[in-house]
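The values are calculated or read from the model by the stated rules, or taken from the named source; none is laboratory data. Just so it is clear, the structure is predicted and the values come from calculations on it, not from any experiment. Cβ coordinates were reconstructed from backbone atoms using ideal geometry, including for glycine residues, and neighbour counts include every protein chain displayed. Heads up: the accessible areas ignore ligands, DNA and RNA and are worked out on the full protein's heavy atoms, side chains in. Shrake-Rupley method; radii C 1.70, N 1.55, O 1.52, S 1.80 Å.
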Amino acid sequence: MLNERTYMYSTSGIFKRSICDSLIIILIVLFVFQSIVDLIFDHNFIYQLLSFNPPSIRSGYFWSLITYGFLHDGPLHLIMNLLGLHFISRHVEEKIGSKSFKFFIATCLISGSLIWLLFNFGTNSHLIGFSAVILGSLCFFCLERPNQPITLLLFFVFPLRKLTDSFSPLLRRVYC
C-alpha cells in the first residue's frame, strides 16, 4: 500500500534533511534577510561585503568566493535557482553522498567565480547567485547519464523533448 512506498516516509528525523532541502531553506531565509538589509541600508552595502567582484578580491574579501552564491537579484532569480536545486542537484546528492556533495558545492562556487573572473577582470560588475552549483550539477548529471533524455517543460506545460524528437531526422540529415 501507500506506506510501503519509500517516498511516502522518511527514515530521518525532522532535523535531518538532505543538503538540497537545507540549502533551499537557507537560500529563502537569506533572501528575506537580504531584502530587509536592502530596505534598511544602502543597496550596495551587502553587495560590497558579500558579492564576488574583482575589487573585493583585491581588498582581501576572499570569503566572497563562496558567499556570492547566497545572494540573489530578485525573487525570479531565486525561484529559478531553487527549481534547479530541487530538480537537478538532488540527483547529484543522491549519487555522490552528502559529504561529497558539500565539497562539490564549494568546488562549483569557487570554480564558477574564478571562471567568471577570467572574463570580467577589468570590470566593476558583481557576481551573485547559486547558478554555478546548478550548472555544475547539470554537467555532472549529463556526464553521468549521456544517453538519458531530459524533458524540459516550456512554461511548465509543454514538453520540449517531443519537439526535439520531431526535429532529430532533420538534424541527422543536416549534420551527418
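The 3J(HN,Hα) values that the Karplus relation (6.51, -1.76, 1.60; θ = phi - 60°) gives for region 103-111 are, in residue order, 5, 4, 4, 4, 5, 5, 5, 5, 5 Hz. Gly and Pro appear as x. Is the C-alpha gyration tensor of region 28-85 telling us rounded, prolate or oblate? Criteria: a/c under 1.5 is rounded; beyond that, a/b larger than b/c is prolate, otherwise oblate. Oblate. Accessible area ranking (1.4 Å probe, heavy atoms, ligands and nucleic acids excluded), largest first, for CYS20, CYS142: CYS142, CYS20. When you count the other C-beta atoms within 10 angstrom of each residue and take the mean per peptide, 28-40, 119-131 line up highest first as 119-131, 28-40.
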